[in-house]
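The values are calculated or read from the model by the stated rules, or taken from the named source; none is laboratory data. All figures in this text were calculated on a predicted structure; none of them were measured in a lab. Positions of Cβ are backbone-derived with ideal geometry, glycine not excepted, and every protein chain shown enters the neighbour counts.
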Amino acid sequence: MKILVLGSGAREHAIITALLAEQAGHDIIAAPGNAGIAADVPIIHLDPTNGSVVTGFALDNDIELVIIGPEAPLVAGVADKLRQRGIAVFGPGKAAAALEGSKTFAKRVMDEAGVPTGRAARCGTLAEAIAAIDEFGAPYVVKADGLAAGKGVLVTSARDEAIAHAEFWLHHGSVLVEEFLAGQEVSLFFLSDGHSVLPLSPAQDFKLLLDDDLGPNTGGMGAYSPLPWLPEGFVDEVAETIAIPTVRQLAAAQTPFIGLLYCGLILTEKGIRVIEFNARFGDPETQVVLPRLVTPLSGLLFAAATGGLGSVERPVFSSDVAVTVVLASEGYPETPITGRVITGLDNALAVPGVSIAHAATAVSNNDLVATGGRVLSVVATAPDFAQARERAYEALRAIHLEGAQFRTDIAARVVS
Ligand code: AMP
Ligand code: GLY
């Protein structure tokens, strides 16, 4: 199949790695990609958020399937433009992508569909926000309503910080003040063709920068899959109470969700609650879910893109486990230092079971250099978590990037 993958992060590299692992002779092009992706498939430099440019390229090059990795092209309506021209695309249109792009919209869909989530108040003024902050009480949860590149959410016990966060984001639009939910977090992905859904394997993401869940919020510092501590029947319960009602609700509103429904969940004492939906594969969770996928990915994504998921079997996953640890630049997440040289990847890749998904890399004067905050996602698979962790950290120790940071406790809890 001739496939165009939009995006330039470790998630897109992991998607391409999974497509290549099928050994089905796919013709894959990435736009715009990164140095790691460019080592595997041809890349082209086009703006992935420009629907006309992407559609023109897809038509000119007989692309049979477009896979949209990041949220920005989805929210910009790139999938709509492609679909209007009859091109199969894995990724929701602009209206359904608002599930991620607008937290108010997501809450409304959940209310209408009867999906369990925390109570929330949408506030358009500081006075409303302060009233909601005091009504819900500490710990306070304040979120920007629109896309905020991972910086929109603050969870704090300090009332003045909660108010300052609300005040800052009110300059950009409305904010949501939410009930605090306590419990383990789970990321569970569903493929959706607009009507039917199929679950992938659960994963857990580590969102805070430092060990023991300390430090600032990030895009994600590591992940592991599966989650051996989940109660039996968890995936079916989420399918029945969350994914299917949400997809039905969007179909009934004539805005079908075709693509990946990312359910960000918390297991509270009172049951499963949605903290957020995303309209795309999660990063870094994808880097641990896809290496365990046995069913060919291209067939699943094509079936989702073309309305055929109802006749597809549930995807099968290997019993091997996967751990990924993100290597980030010095200064991440506030002000990452870029342009530094990365060495040692060959030694890291020599560790059994290890692969590396590139997130922010480029080649400059024959050197591999870091071009952003999250630089590499080091992935290790193994029969058990102790070995997967050993492999991932052995590989990390082989990589050199001045000032690099990574967490040392990814998946430690499942080993001890
Ligand atoms: P989000 O961007 O909505 O995923 O939020 C980022 C992180 O903030 C989540 O992964 C949670 O750890 C935390 N968070 C968000 N909403 C809540 C909530 N209502 N209660 C507790 N923690 C939350
Ligand atoms: N891992 C969090 C996200 O992809 O949004």
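List of remarks:
- The set of residues from segment 209-219 being at pLDDT 95 or above and within 17 Å of the chain's Cα centre (by Cα) comprises just one member, L209.
- Restricting attention to segment 1-51, the residues being within 16 Å of ligand 2 (Cβ to nearest atom) and either β-branched (V, I, T) or at pLDDT below 95 (or both) number 1.
- Residue among L147, L188 that is modelled with pLDDT of 95 or more, of a type outside the set (K, R) and within 16 Å of ligand 2 (Cβ to nearest atom): L188
- Pairs linking a residue in segment 132-153 that is touching a residue at least 24 places away in the same chain (Cβ under 8 Å) to a residue that is within 16 Å of ligand 2 (Cβ to nearest atom) and among the polar types (S, T, N, Q), with Cβ atoms under 8 Å and 6 or more positions apart or on different chains, are D145/S102; G146/S102; G150/N217; G150/T218; K151/N217; V153/N217.
- All conditions but one from (1) within 14 Å of ligand 1 (Cβ to nearest atom); (2) acidic (D, E); (3) farther than 19 Å from A148 by Cα apply to D193; the one that does not is (1).
- The set of residues in segment 57-99 being farther than 21 Å from L309 by Cβ and not in a helix (DSSP H, G or I) consists of N61, D62, P70, A76, G77, R85.
- Residues satisfying the stated conditions in segment 369-393, i.e. within 19 Å of the chain's Cα centre (by Cα) and outside any strand (DSSP E or B): G372, G373
- Within segment 256-285, considering residues that are β-branched (V, I, T) and over 21 Å from G69 (Cβ atoms), the one farthest from ligand 1 (Cβ to nearest atom): I272
- Matching entry among L154, L126 (being surrounded by 15 or more Cβ atoms within 10 Å (Cβ to Cβ) and more than 27 Å from H45 (Cβ to Cβ)): L154
- Number of positions in segment 394-416 that are in a loop (DSSP other than H, G, I, E, B) and either modelled with pLDDT under 95 or basic (K, R) (or both): 2
- Condition check for L297: in contact with a Lys or Arg (Cβ under 7 Å, 6 or more places away or on another chain) and surrounded by 18 or more Cβ atoms within 10 Å (Cβ to Cβ): no
- No other residue among A251, A239 is out of contact with any strand residue (DSSP E or B) (no Cβ under 9 Å at 6 or more places or on another chain) and either within 16 Å of ligand 2 (Cβ to nearest atom) or modelled with pLDDT of 95 or more (or both) apart from A251.
- Pairs, first on the phi > 0 side of the Ramachandran plot in segment 83-109, second in a loop (DSSP other than H, G, I, E, B) and within 16 Å of ligand 1 (Cβ to nearest atom), C-beta under 9 Å, six or more apart: G91/A279; G91/R280
- Of all residues assigned to segment 228-236, at least one qualifies as being away from ligand 1 (no atom under 16 Å from the Cβ) and touching a residue at least 60 places away in the same chain (Cβ under 8 Å).
- For segment 1-51, a tally of residues being of a type in the set (A, V, I, L, M) and assigned to a helix (DSSP H, G or I) returns 11.
- Screening P139 on (1) more than 16 Å from ligand 2 (Cβ to nearest atom); (2) within 25 Å of Y332 (Cα to Cα); (3) at pLDDT 90 or above shows it passes everything except condition (2).
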